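Everything below concerns the one structure shown next.
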Amino acid sequence: MTQLLNQQGGRWSISASTDTAWVSLEEFQPDAALLLDVDAEPQAAWASARLIGIDFPALTDGRGLSLAALLRQRVGFTGDLRAIGAVHEDILHFMLRCGFTSFELADDRDPEIVLGQLAPYSQHYQTSVINPMPALVRLANTH
Amino acid sequence: MYQYDDFDRQFVQERVAHYREQTERYLAGKLSEDEFLQLRLRNGLYIQRLAPMLRVAIPYGTLSSTQLRALADISMTYDRGYGHLSTRQNIQFNWPDIADVPDILEQLAKVNMHAIQTSGSCIRNVTTDHFAGAAADEIVDPRPYCELIRQWSTSHPEFEWLPRKFKIAVSGAAVDRAAVEVHDIGLRVYEDEQQQHVFDVLVGGGLGRTPVIGATIRAALPAKHLLSYLQAILRVYNRYGRRDNKYKARIKILVRALGAESFTEQVETEWAMILNESEPLPATTIAHMQQFFTPPKLPVVDHGTGTLAEQRLHQPAFSRWVERNVFPHRTKGYSNVILSTKAIGVPPGDVSAEQMLAVASWAEQFGVGEIRITHEQNFVLPHIPQGDLLALWQQAQAADLATANAGLITDVICCPGGDFCSLANAKSIPIAEAIQRQLADADFVHDLGDVDLNISGCMNACGHHHVGHIGILGVDKKGQEFYQISLGGHAGHSNTQASLGQIIGPSVSRQQVQGVIGKIINIYLTLRQPDENFLSCFRRVGVAPFKASLKERPHDAVA
């Protein structure tokens, strides 16, 4: 069993996961819920997906972060982008900045701790998927 | 040097608060050992053989007197009154308590310091020339670009969870003092024909188990594209670098597997797309960064070369120190000084709180309140008037920081080794000490000239043994400590190309190391031509004559 972390009416909340009818990239159709491994090569057609899930094999595996950034910046996917698999509360803030919008977490993760890990930093040095500015965002802005 | 603004201060404070909260969760059993491991590593905390080790970042090896005093205070309050200068221009504390680390970080934050990304599989503290902004042979000051890279790489959302650690070094002088050829990314900055700053980009150099000299994958990259190009390299590495075997996970293995040409092609393709999706670094951003590093206003000095020459004439020991440890400055009448930590009987790089406080004071008294750490684990005081060298030398002598051995065989680079590190196969510090004692005759050592002796306690190569003119590597042979000796490595410090050492033969026991080193030295003394240093001699005659150093037994000590 897993729990789903996403925004409901503009607020982050955690609820029991419901079954998702995932399809693999071979079975992909527009409007499908596409499930990707972290080593998938982004394809332009995926912009039409309803939901894309990226399956993290380990807490330390950062490939899904690059893949997410590519889906947002290069493929132009604007729908719900979900991290599943080895999703740890301490990685959430990195995932958010790479464009993830929902997270499937193991049932043993404490919801209170999880919700406390969404934004440990009020500002960042770099531009990111959710803050697309030229290069070093703060320097470009302030000077 | 760079000055923190409110943004930097707030970020570091939030990092401390976040790490404190992570530590509390760990101590309360809400984070497993393995989960906390990944989090603490990204904040510089290792668990070592005897105690935790906290590595504090000294961005590109530059710190102020105020910061060095704070480090001295921390070493007295939370440690055993000393710190260890690392081979990546950082400082390490060997005895902190895990529960105290958040408090230590809070003390650091008060002086704009931190331990962010000093370990773990992420982009590490960027390193550079320890004479940057002060060297006579500098073409472009690399520090503004180092600071840009520091900011860009700090908590980068995409690159915090790489296959393995990632080290970037930048050099902007005629002589490469940053060893850019043996880093994951090495950058050489210079001016093109239009006086614009451009970079040669080297990738895939490194030491460790598989030592490699980096390949140049891009020449003359305009400065405005520096960060986007780094992003392209890191993205290719993050996506395609191996994650199944930590010994094959560095970028050098990816470059080798793909071939430099094909790797370059991938980076260039990725970069072309990034250029379409982003704006280059604005010139105002670069200019803003450069203004932090404008040269200090140094008073015109009565360029006391006459006086200095006279002082040297009267004091041969001072003269020798000037010859070895004092380096040319961009401004007439000034020098850059290396304060050696390599006194006999002291582990290389170890500095006491008293020494830190003394160095902090000298930097203010004689310099501009700024100190550098070298990757050879020494201090540098930049911008010292030549008229003050004698006074500085006298005080440094009293503090045991005036050993006249910069670049000599006793200026050993050495990792903490089996005495501290849980990765080590063998001890390294006692080997360094034994060799230093063996070579206690300063005249003899001086006559030997430039010899880089580098010692690593295991093949992770923190002591950079591959690039030592003489390299010693600790290996484990059926539970016994043995040492493999290589010759002819070279990392920079001159205009000659970097090279990796060649192993001279089977490894030897700890008792035999001194004897073998002694014989290597004797062979060099026999073979050398007038004014030929160790490296040049080795490159001329090759490894063959030196193999004899292993052959005859017993191994007698030299001199």
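Taken over region B:311-329, the residue count meeting the criterion of being crowded, with 18+ Cβ neighbours inside 10 Å and under 24 Å from the mean Cα position of the chain (by Cα) is 7.
Tallying residues that are farther than 22 Å from residue B:211 by Cβ and at the interface with chain A (Cβ under 9 Å from one of its Cβ atoms) within region B:243-275 yields 2. Quick check on residue B:128: is it in contact with a Phe, Trp or Tyr (Cβ under 7 Å, 6 or more places away or on another chain), under 29 Å from residue B:417 (Cβ atoms) and touching a residue at least 24 places away in the same chain (Cβ under 8 Å)? Yes, satisfied. If the condition is being of a type outside the set (Lys, Arg), assigned to a helix (DSSP H, G or I) and either surrounded by fewer than 22 Cβ atoms within 10 Å (Cβ to Cβ) or not assigned by TED's automatic domain parsing to the domain that holds residue B:159 (or both), then region B:233-247 contributes B:240, B:247. For region B:418-446, the candidate set comprises residues that are out of contact with any helix residue (DSSP H, G or I) (no Cβ under 8 Å at 6 or more places or on another chain) and part of a helix (DSSP H, G or I); within that set, the residue that is nearest to residue B:482 (Cα to Cα) is B:418.
Filtered by the rule that a residue be in contact with a strand residue (DSSP E or B) (Cβ under 6 Å, 6 or more places away or on another chain) and outside any loop (DSSP other than H, G, I, E, B), region B:401-417 gives B:413, B:414. Listed by position, the helices (runs of 4 or more DSSP H) contained in region A:50-134 that have at least 3 residues being more than 10 Å from chain B (Cβ to nearest Cβ) and farther than 24 Å from residue B:225 by Cα are A:111-116. Among the candidates B:232, B:174, B:223, the residue that is farther than 25 Å from residue B:44 by Cα, touching a residue at least 60 places away in the same chain (Cβ under 8 Å) and within 14 Å of another protein chain (Cβ to nearest Cβ) is uniquely B:223.
Scanning region B:366-400 for residues being of a type outside the set (A, V, I, L, M) and assigned to a strand (DSSP E or B) gives a total of 6. When the residues of region A:31-41 are filtered to those that are surrounded by fewer than 20 Cβ atoms within 10 Å (Cβ to Cβ) and over 18 Å from residue A:6 (Cα atoms), the one that is farthest from the other protein chains (Cβ to nearest Cβ) is A:31.
Please find, among B:193, B:181, the residue that is part of a helix (DSSP H, G or I), away from every other protein chain (no Cβ under 11 Å) and over 20 Å from residue B:8 (Cβ atoms).
Only one candidate qualifies: B:181.
Screening region B:151-171 for residues that are within 16 Å of the chain's Cα centre (by Cα) and either surrounded by fewer than 23 Cβ atoms within 10 Å (Cβ to Cβ) or farther than 26 Å from residue B:460 by Cα (or both) and picking the one that is farthest from the other protein chains (Cβ to nearest Cβ) gives B:167. In the condition set (1) of a type outside the set (Phe, Trp, Tyr); (2) under 28 Å from residue B:360 (Cα atoms); (3) in contact with a Pro (Cβ under 8 Å, 6 or more places away or on another chain); (4) part of a helix (DSSP H, G or I), residue B:336 is compliant with all but (4).
The values are calculated or read from the model by the stated rules, or taken from the named source; none is laboratory data. Here the structure is a predicted model, which is why all the values come from computation and not from measurement. Ideal geometry is used to build each Cβ from the backbone, glycine not excepted, and the neighbour counts take in all protein chains shown.
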